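Asker: I'd like to ask you about the structure that follows.
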Amino acid sequence: MSRWDQLNIFFKKTGAVVIFGLNALRGRTISSQGAAVGAWNSSNAESLIRYTVKKGYRIHGWELGNELSGNGVGTRVAAGQYASDTKSLQSIVQNVYAGFEAKPQVLAPGGFFDENWFTEFIHKTPQSLQVVTHHIYNLGPGSAGDLIQKILDPSVLDGISQTFKSLQSLLEKSNTPAVAWVGESGGAYNSGHNLVTNAFVFSFWYLDQLGMSASYDTKTYCRQTLIGGNYGLLDTNTFVPNPDYYSALLWHRLMGNKVLSTSFPGTKKLRAYAHCSKKTGITVLLINLDSNTKVQVRVSTESPGKLSYLNFQGLRGSKASQNVREEYHLTAKDGDLHSKVMLLNGKALSVDSSGNIPALEPITVGSSNPTTVAPLSIVFVHIPGITVPACK
């Protein structure tokens, strides 16, 4: 409990929004077929929750279990039983937080998406669940030698879209108020791979995941990890930000909560996403996976709320009502994809001697010029002058 106290002091100092995962195997036995059977024993979880409330610690949500859905990892729990256990957790939260205006959310199952399992689980928890969490490690094991090839392959990146699509459809068709979260994702399991999942190249995968998941109405994306393994946003030894930290920070500052339907017909190696900006107008994210081709892009709002990205050669004029836009070009130091140093508009991003994060300054570009996306680079484009109905 002293460790829990220390953590909560840290959470309070940082303003962290905390989801805590509870052990869902307590009280069960493992059958000869490898499944975990029997009801969840919630007494330990309840005592932790009661202690947390007594100490005045603020927890945003309590999540039940880890990777027990479908075939599970190590073992599995049947969907019907898991639904019953989730109802038990919801009952504990309602009881312990009685009299609180805002109660923590209940999240589950925190496992890999299995359509049949998730369908039964969601069907049986219509009022007991606020968030459906699933995990993503779509690049395979961290030990694989072809991680970079996978990261730069549009068909590999697109492979996970069916999971997002299926879960979105399932939630829309069911009578649950629950929303979808990616509760854990580190891309490559078993701690990732040094100088890949903590290097510049991983931002191609990470930002594509943020863009794609948002387009399928995923509300929150939890990255594995802030710190730990080879896929931390911070260096495990020095706590200095890795490139993905800056990618996450730019996303957080520039991309609003409304997602715009976006397409780029020019090449599959250019990934395009757009949101209403957190400021004014829209923000576009362009990811160039091609190692040789520079792409020039103009933005066209073809229909209300829909953006289409067209190669510069095929489009005349710009719809922007203001004459400038802001661009944030991200590249690897010395062009080395394994580099742990990210350049923003040619300048290395690094903390100062006090550990302060550098200013993330854009370059200003005239709106009549196309956006040039260099090979193996990422560009955030903030266009204040484009207004679409969805953003009003």
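Asker: Hey, can you tell me all the residues within segment 241-255 that are buried (at least 21 other Cβ atoms within 10 Å of the Cβ) and among the small types (Gly, Ala, Ser)?
Answerer: Ser247
Asker: May I pose another question? If a residue must be hydroxyl-bearing (Ser, Thr, Tyr) and open to solvent by 10 Å² or more (accessible area, probe 1.4 Å), how many such residues does segment 118-136 contain?
Answerer: Number satisfying all stated conditions: 2.
Asker: If we scan segment 203-222, do we find a residue that is buried (at least 24 other Cβ atoms within 10 Å of the Cβ) and on the phi > 0 side of the Ramachandran plot?
Answerer: no
Asker: Among the listed residues Tyr57, Tyr51, identify the single one that is open to solvent by less than 90 Å² (accessible area, probe 1.4 Å), of a type in the set (Phe, Trp, Tyr) and under 28 Å from the mean Cα position of the chain (by Cα).
Answerer: Tyr57
Asker: Please list, ordered by first then second residue, the pairs with beta carbon atoms under 8 Å, 6 or more apart or interchain, first in segment 19-39 and modelled with pLDDT of 95 or more, second in a loop (DSSP other than H, G, I, E, B) and basic (Lys, Arg).
Answerer: Here the result reads Ala36/Arg28; Val37/Arg28; Gly38/Arg28; Ala39/Arg28, each pair linking segment 19-39 to a residue that is in a loop (DSSP other than H, G, I, E, B) and basic (Lys, Arg).
Asker: Just name the residue that is least open to solvent (accessible area, probe 1.4 Å) out of those in segment 86-99 that are hydroxyl-bearing (Ser, Thr, Tyr) and more than 27 Å from the chain's Cα centre (by Cα).
Answerer: Top of the filtered list is Tyr97.
Asker: Let me confirm something: among Asn198, Asn194, Asn230, Asn237, which residue is more than 22 Å from Phe113 (Cβ to Cβ), in contact with an Asp or Glu (Cβ under 8 Å, 6 or more places away or on another chain) and part of a loop (DSSP other than H, G, I, E, B)?
Answerer: Unique residue meeting the criteria: Asn198.
Asker: Can you pull out every residue in segment 115-154 that is without any contact (Cβ under 8 Å) to a residue 24 or more places away in the chain and in contact with a helix residue (DSSP H, G or I) (Cβ under 7 Å, 6 or more places away or on another chain)?
Answerer: Lys150
Asker: Take the residues of segment 155-187 that are in a strand (DSSP E or B) and in contact (Cβ under 8 Å) with a residue 60 or more places away in the chain: which is farthest from Gly228 (Cα to Cα)?
Answerer: It comes out as Trp181.
Asker: Taking the criterion of being more than 25 Å from Asp352 (Cα to Cα), out of contact with any Gly (no Cβ under 7 Å at 6 or more places or on another chain) and at pLDDT below 95, would at least one residue in segment 320-327 satisfy it?
Answerer: For segment 320-327, residues more than 25 Å from Asp352 (Cα to Cα), out of contact with any Gly (no Cβ under 7 Å at 6 or more places or on another chain) and at pLDDT below 95: absent.
Asker: Still on this model: Among the numbered criteria (1) open to solvent by 60 Å² or more (accessible area, probe 1.4 Å); (2) modelled with pLDDT of 95 or more; (3) touching a strand residue (DSSP E or B) at 6+ places or on another chain (Cβ under 9 Å); (4) assigned to a loop (DSSP other than H, G, I, E, B), which one does Lys258 miss?
Answerer: (4)
Asker: Inside segment 323-350, can you point out the residues that are among the polar types (S, T, N, Q) and within 24 Å of Thr238 (Cβ to Cβ)?
Answerer: Passing the criteria: Thr331, Ser339, Ser350.
Asker: With modelled with pLDDT of 95 or more, touching a Lys or Arg at 6+ places or on another chain (Cβ under 9 Å), surrounded by fewer than 16 Cβ atoms within 10 Å (Cβ to Cβ) and small (Gly, Ala, Ser) as the only criterion, which of Gly140, Gly145 stands out?
Answerer: Unique residue meeting the criteria: Gly140.
Asker: Test of understanding: among Ser91, Ser155, which residue is closer than 23 Å to Gly38 by Cβ, in the same structural domain as Trp205 (by the TED database) and modelled with pLDDT of 95 or more?
Answerer: Ser91
Conditions tested, residue by residue: (1) without any contact (Cβ under 8 Å) to a residue 40 or more places away in the chain; (2) at negative phi; (3) exposed (fewer than 14 other Cβ atoms within 10 Å of the Cβ).
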position: Asp334; (1), (2), (3): yes, no, yes
position: Leu337; (1), (2), (3): no, yes, no
position: Leu343; (1), (2), (3): yes, yes, no
position: Ile363; (1), (2), (3): yes, yes, yes
position: Thr371; (1), (2), (3): no, yes, no
position: Phe380; (1), (2), (3): no, yes, no
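Asker: Let me ask you something else. Counting just the residues of segment 61-85 that are part of a loop (DSSP other than H, G, I, E, B) and out of contact with any Phe, Trp or Tyr (no Cβ under 9 Å at 6 or more places or on another chain), which one comes out surrounded by the fewest Cβ atoms within 10 Å (Cβ to Cβ)?
Answerer: The selected residue is Gly74.
The values are calculated or read from the model by the stated rules, or taken from the named source; none is laboratory data. What you see is a predicted model, and the numbers here were worked out from it, not measured in a lab. Here the Cβ is made from the backbone with ideal geometry for all residues, glycine too, and neighbour counts use every protein chain on show. When the accessible area is computed, the model is the full protein with side chains, heavy atoms only, and any ligands, DNA or RNA have been set aside. Shrake-Rupley method; radii C 1.70, N 1.55, O 1.52, S 1.80 Å.
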